[in-house]
Every structure is written in structure tokens, then in C-alpha cells.
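The values are calculated or read from the model by the stated rules, or taken from the named source; none is laboratory data. All values reported here derive from a predicted model rather than from experimental measurement. Virtual Cβ from ideal backbone geometry, glycine too; neighbours counted across all protein chains shown.
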Amino acid sequence: MTEPTRHIVSILVEDSPGELARIVGLFSGRGFNIDSLAVNRTTEPRMSRVVLVTRADEKVIEQITKQLNKLIRVHKVIQHPQGTLERELVVLTLRCQNAKSREDIERICKLTGARTITYTAADFTVELTANAAKVDDFIELCRPLGIRQMVRSAPVAFGKPGESAESDTFEATA
Amino acid sequence: MTANPSKTTSPDTTNGKGAIAPGPEGEVMRGARVLVESLLQEGVELMFGYPGGAILHVYDELHLQSERINHVLVRHEQGAVHAAEGYAQATGKVGVCLVTSGPGATNVVTGLANALSDSTPIVVITGQVLTTAIGNDAFQEADVVGITRPCTKYNYLVKRVEDIAPTIKEAFYLARTGRPGPVLVDLPKDITAAECAFHYPESVSIPSYKPTVRGHTRQVKKAVELMRSTEKTILYVGGGVVASGANAELKELADKLNLPVTPTLMGLGCYPPGHQQCLGMLGMHGTYAANMSMAEADLIVAIGSRFDDRVTGAIENFAVNAKKIHVDIDPTSVNKSVAVDIPIVGDAKTVMQQMLDAIGDDPAPERKEWWNTLTTWKRDFPLAYKDRSDTIMPQRLFEELADLTKGEYICTTDVGQHQMWAAQYYPADDGRKWITSGGLGTMGFGLPAAMGAALSGTKDPVICVTGDGSFQMCIQELATCVHEDLNVKIIIMNNNFLGMVRQWQELFYSRRYSSVGMKYFPDFAKIAEAYGATGLRAETPEELRGVLEKGFDTPGTVIMDIIVTKEANVYPMIPAGAAHYELAMDPEVYPPTTPESK
């Protein structure tokens, strides 16, 4: 048995009531883990994409993809390879009482590519879109400044860079 | 973008029946009639149900259409769903169950879970409160699609009258294709009252649902090569063989490869039980030969079976030296609990035919040494018990039953010791004549399942083997049996105990019998009389045969209350978590040193 590792799974599912519940219920009912979940529309009408991050060993991830494929309204399940292109959003409100902390924030933003959304005399709200590891690092960089609030989205994932991103088609499921 | 329609179109439009008269195409009617016309289009002749407020329009329509479709009134919704399962298992058609909202629907949940476990094709139609009341905690409202989502293959809440016909079409298609299973359709009351023009779709197209029927050609070829080159090989066959109607293919495959066959609890009857190549059932209470052959095999060929924990025993010690081939229509069953060497996703019948084609006229391997071993096991360690003259041994009851009926009648069971002894001794000569709750182990299944089987068109009596515990879980269905004048012969193996739990408490809890003794037990013969059935009782071995014969000679519903010895145990037994080769034999017959352990 292998050690559990992080996997990103994209699910193309018909956008009708209860379908998301079937996916989530499958995970809770079979003891699979969900780290994060992102759901939105696709270029196909009446089709949603669910991007789900899970921790599982090889045997469990095989069951997860098979069980997802078995759901009647699931059209496609993609298990992304390690190193796939992924992006998530984090929004942080940081304490900012003096010129020194303003400079620190400016420097961190420049370094990481984060940008300021809004500010008051007492705090700055910044956002960063990056992969999970980079977002983790960004949060650690900001932590000493004092994080007043943090909201973090689930990641979305693409195919490998250069690979066709067109995956909204009704191709046969495995 | 749509998929190739030929791949996703329903192959047949009827529920196993011949030509169906076209429905009143285009006629404007209320939803309740759309439902009934749709069921008729699916070839439904009979359904089991119980009325209530939210389903009233449908019951009104059933009254109007009573010349065209039959409805059997049960006494509890659990009875309806199990009856639909029994009907489906006996016929291979889709069983239909109709109940009301709220408690009517929640009462069918056990049956849905049971049908999901045992891959039984049923369609359950539940009434629901008005669409305008959904979510408002209305009278008899429950979130039925929410409650039943994990115990159905698929479920629907119908929100427009125009959707009833296509939903029913799809529901039947999903129930009977791929790995069969239960489908639920929740119908709000206003939808059954609203009107629309009737239009029944000719085909079903679900681009995301394409069960694989034909096995991968190269995998089949590899499998056949392996099966021909190995010596100690065994066919381990389950309910999938029954569901796909592959008795003949299995028989031919076993012949052409000269292989022993062991059926699971769900596969009993798909291979002739008396055949010399049949080792009997395997698993927790399977035969010595079947279990030891799994432990010793160099190749296990699983067909329509799923390496259930009651079959494998301790998974880490399961057939460690054997290669495995697994044929199953459900891809999730493959590599789930046991890693297999050659997975083949496909229908059991189709894949076995592919295997037979690949074998052609090649001569069968001899397997002399293997057959020597198997024959020795069968001869030296048969099912056996120590009979007594002062009390009826349960095994004696099942031997007599087998001798009297020759396994020619449909036999349903409940769950517990009686079920295991019936599985060991009842020689069902067809998979559809053995109807039991295998996966879920639902006490209370037996009697309603027998009702469904008795209405499946058989002219023979239907046997319901049950225990004094299980029988009381759906005892109310006696009224349905008498009401419908069903030819059901109920055999109660009465030991005043919840016997299987007691057996575990005896063996693994130092005889601390916790809540298993039925201190008060009713007089089942008198209960039979009270319901208008016939009640008989046997208390001694001398009375046993006479009571069974009289019971089968008496028309209608009969209870045979057989008082058996209180503390008999089912053997062989693989204790939970042990390996096949650690199976325990009956110490009264086989002194503890006899089965050579490895």
C-alpha cells in the first residue's frame, strides 16, 4: 500500500439538482477525503465542472475515479497528473499601522505578484492567484504582519501546460 | 455534442414481455394516468404498494385502469419493496413498488439498500407533497431523494408533468441495464394531477451512462490462456451469473476447461448443485472443499462475484498464492478489495461466450492432481451433523426439505442460521429459484419476497424458509398472502433464539447470551389460523416428515412451525477475520484435530 498523496480530480457533471450532492455523498459515504472543492459552469450549457482535491493512496484514488465514473450523470473524470497547472485565490487583510509595514506589504506584493484590492488607514487587503504551494508561502510571508482575515478558494486545475485545455467534451468515460 | 445514439439506446422497450399495445399517444391526460400508461409501456403487469395522501391520484387511476394493471395491497411498505425484489429475482423483470410520501417512502429504504446490495432491478414510485409545499415541512413530507440517494442506483424528483413519461422510461432502463439496481421516482401530488399530452419516448439516451457489456478481447484471450495453463484453478461464481442468465455458458465453460465450480450465496443454483464439478457454496459457512480450494488454488476465476468479506475472510491471507481473473459488469467491483491480475469488465454471459469462442475445440486440461485433491476433500469432509432422535436437528429439517422438493421450487429465506443451512442443503436447480438477502442481510425479507415470487407466474408452491426471529419482522404480510390466496409454504426453523447472534455469543463471547433469547414466543400455528392460513407444528423427528408433506399438500398459505434443537451451530465456519484454511468444522462430527491446518 502506498502513502496517501494529494490528488486533483476534475469532474464534468450535468448541472442538475442533486448531482453535486451525489459526488459529495459518495466521498462521505465511502470514507474518502475532500480537501477542497470548486464548482462552476463550463463552456457547455447545462454542464458543471467540479475540481476536487483529495488525499488518497493509489488503491483509493483508483476507487475514487471509478466510483465517480459510475455516477449516472458524470460525463468525464480527469485525475490530474502531479505538477498539473493549478490556480487558487487567497484574499488577506493585513494590519498596517505604520510606514514600515506598508513597505513590507509593498515588497511582498512585488515579490509574489500579489496585488492590493483595497486599503484603509489601518489595513491593506491583498489578493494572490497562484498554485497551492505558492499560496502557502505567501501566507507565511504575510503572517508576521498580522493577518486580520483570510479567505482562500479551492484550486482549479488545467491539463499540463501546452496540452489542450478543451476538456468540456462528452468523451466516453473510462 | 451527443454520443452515438446506437450505443445508448435501450435495446428493448418492454419488461421482458412480448409486444405491448401502443399507448394513447398524444392524448391529453393527468399525470397519474401518464404514470400508469408509462408502466404499461414498460410491460408492467403487477405492482406492490400501499396508498396514502400524496399518491391518491395514482391510486384513483389504478382503480380506473384495474382491467389493465394489477396492484397488490401489502400490509407494510417494507413488504411492498421486498415483494417487488422477490418478483424481480424470480422473473428477471423489473419489480415495481408504489408508496406514499413521508413514512411510506422511508419504510422502503431498507428494501432499496437491499436491492442495491444484491443488484436487484426494481423501480419504486413514491408520492411527494405538492411542489409548492416541498421544503416547508408539510404533512408527511420527507426529503426522499435526499434520504435514498446513497441507497439507489439513481433517483428522480419529477417537477413537471411532461417529465413523467421520459423519467419512467429512463428509470426502467437504468434499473435493468449494467449492474441492475433500484431506481426511485418521487412524484409530487400536483404533478400527478396536472395534465399533458401523453408521449412515451422510444429510446433512452444517457451519454454519460454506457455499461460495458463485451469484455476486452485481448484480456479475454489472456484469461483463457492462463486458465488453460494453470492446474489448480477454480470458478468462483456469483449473482452476476444469475442476473445475466448465463447458466448454460457457465456449464459449458466448466466442461471445456474441466474446472470445479463454487457458487457464492447469491450465485446458488446457477450451476447444478449435485454435479460432480460443483464444490458447494464457499465463504463463511461454505463447504470444506470450496474454501480449501480457494486457499490452495493457483488461479481463481471470479465471474459475477465481488470478493465480499464473507467470501474472502481475512483479506491479507486471502488466496495469497493464486492469480486472479475477475469478470464483472461493475468496474468499481474490480480491484476494490482484492487486487486482480486480469480484470475484465463486462456482462458475465457475454464474456463467458467470448471465452468459449476463444477456447474453440481445444481439449480440456486434465488437472488430475487437482481433481484428486478436490475429490478427497469432498469425500472426507462433507457437510455433516450428528442427528438426534429426541429433538429435531435443524440440518435434518433442511435435508428433509431438499428430499421432498428436490430443489425444484422457488425458495426464499430470511437471515440467520436458517439461511445458511438452507443455502447448504437446499439444492435449487436454478439461480432464480434461490432468493435470499445476501449483501445487506435483511431480516424480514423472506415472506414478502416469497409473495413476489408466488406472483411471478410459477405454478409451484413457493417456499419461505425463516426463523422465529426473522419471521416476526414482516409477519403482517401473512394477511397479504391470504388475501391474494398465495401458494406460500412458510417453514419456521424455531429455536426460540436469534440463533446466529447466539452462535457468535457462544463462540466468541463466552456464552454471554445478550438479548438473543426469545423468552416469549407466539404460537405460530395459531397465528396462521388467526390470519386465515393453515398452521402446522412439528416438535419431534417423528413428526417432521409428516408435517412437511401435509404442509405441501395443503392448498394456500401454510405455516409449518418446526421446533428444532435450541443451540445447534452452523458449520463449517470461518470465524470473522480468519483465513479460509482456518475454517472450523463441526466438533461433534470432526474431532478438532481432523481438518489438517496449514
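For the reader, a short list of remarks on this structure follows.
- Looking only at residues in the range B:271-296 that are among the polar types (S, T, N, Q) and surrounded by fewer than 24 Cβ atoms within 10 Å (Cβ to Cβ), the one that is farthest from B:T375 (Cα to Cα) is B:T287.
- Residues located in the range B:535-548, provided they are out of contact with any Leu (no Cβ under 7 Å at 6 or more places or on another chain), farther than 25 Å from B:V589 by Cα and in contact (Cβ under 8 Å) with a residue 12 or more places away in the chain: B:G535, B:L536, B:R537
- Residues in the range B:295-337 that are acidic (D, E), in contact with a helix residue (DSSP H, G or I) (Cβ under 8 Å, 6 or more places away or on another chain) and outside any loop (DSSP other than H, G, I, E, B): B:E296, B:D309, B:D328.
- Flag for B:D429 being assigned by TED's automatic domain parsing to the domain that holds B:M473 and of a type outside the set (K, R): yes
- Residue within the range B:367-390 that is under 30 Å from B:K153 (Cα atoms) and buried (at least 22 other Cβ atoms within 10 Å of the Cβ) present: no
- Listed by first and then second residue, the pairs linking a residue in the range B:133-155 that is in contact (Cβ under 8 Å) with a residue 40 or more places away in the chain and within 12 Å of chain A (Cβ to nearest Cβ) to a residue that is among the aliphatic types (A, V, I, L, M) and surrounded by fewer than 20 Cβ atoms within 10 Å (Cβ to Cβ), with Cβ atoms under 6 Å apart and 6 or more places separating them unless they lie on different chains, are B:C151/B:A113.
- Among the residues of the range B:350-366, those that are in contact (Cβ under 8 Å) with a residue 12 or more places away in the chain and either surrounded by fewer than 22 Cβ atoms within 10 Å (Cβ to Cβ) or in a loop (DSSP other than H, G, I, E, B) (or both) comprise B:T350, B:Q353, B:L356, B:A358, B:I359, B:D362, B:A364, B:P365, B:E366.
- Within the range B:247-270, the only residue that satisfies the criterion of being within 19 Å of the chain's Cα centre (by Cα) and surrounded by fewer than 22 Cβ atoms within 10 Å (Cβ to Cβ) is B:N247.
- Single match in A:I108, A:I117, A:I78, A:I139 (criterion: under 30 Å from B:P207 (Cβ atoms), modelled with pLDDT of 90 or more, among the hydrophobic types (A, V, I, L, M, F, W, C) and surrounded by 12 or more Cβ atoms within 10 Å (Cβ to Cβ)): A:I78
- Failed item in (1) surrounded by 15 or more Cβ atoms within 10 Å (Cβ to Cβ); (2) in contact (Cβ under 8 Å) with a residue 40 or more places away in the chain; (3) among the small types (G, A, S), with B:G532 passing the rest: (1)
- Selection of the range B:472-489 for residues being farther than 14 Å from B:P522 by Cβ, under 20 Å from the mean Cα position of the chain (by Cα) and of a type in the set (A, V, I, L, M) yields only B:V488.
- Extreme residue, nearest to B:V501 (Cα to Cα), among residues of the range B:403-456 that are of a type in the set (A, V, I, L, M, F, W, C) and assigned to a loop (DSSP other than H, G, I, E, B): B:V415
- Among the residues listed as B:A32, B:A21, the single one being in contact (Cβ under 8 Å) with a residue 60 or more places away in the chain and not basic (K, R): B:A32
- Verdict on B:S437 being modelled with pLDDT of 95 or more, in contact with a helix residue (DSSP H, G or I) (Cβ under 9 Å, 6 or more places away or on another chain) and either buried (at least 24 other Cβ atoms within 10 Å of the Cβ) or basic (K, R) (or both): yes
- The set of residues in the range B:548-572 being in a loop (DSSP other than H, G, I, E, B) and surrounded by 22 or more Cβ atoms within 10 Å (Cβ to Cβ) consists of B:T557, B:A568, B:V570, B:Y571, B:P572.
- Options A:L71, A:L52, A:L26, A:L92: the member that is crowded, with 16+ Cβ neighbours inside 10 Å, within 14 Å of chain B (Cβ to nearest Cβ) and under 20 Å from the mean Cα position of the chain (by Cα): A:L26
- If only residues of the range A:1-23 that are in a loop (DSSP other than H, G, I, E, B) and within 13 Å of chain B (Cβ to nearest Cβ) are counted, the one that is surrounded by the fewest Cβ atoms within 10 Å (Cβ to Cβ) is A:M1.
- Residue check, B:R545 assigned to a loop (DSSP other than H, G, I, E, B), modelled with pLDDT of 95 or more and more than 28 Å from the chain's Cα centre (by Cα): no
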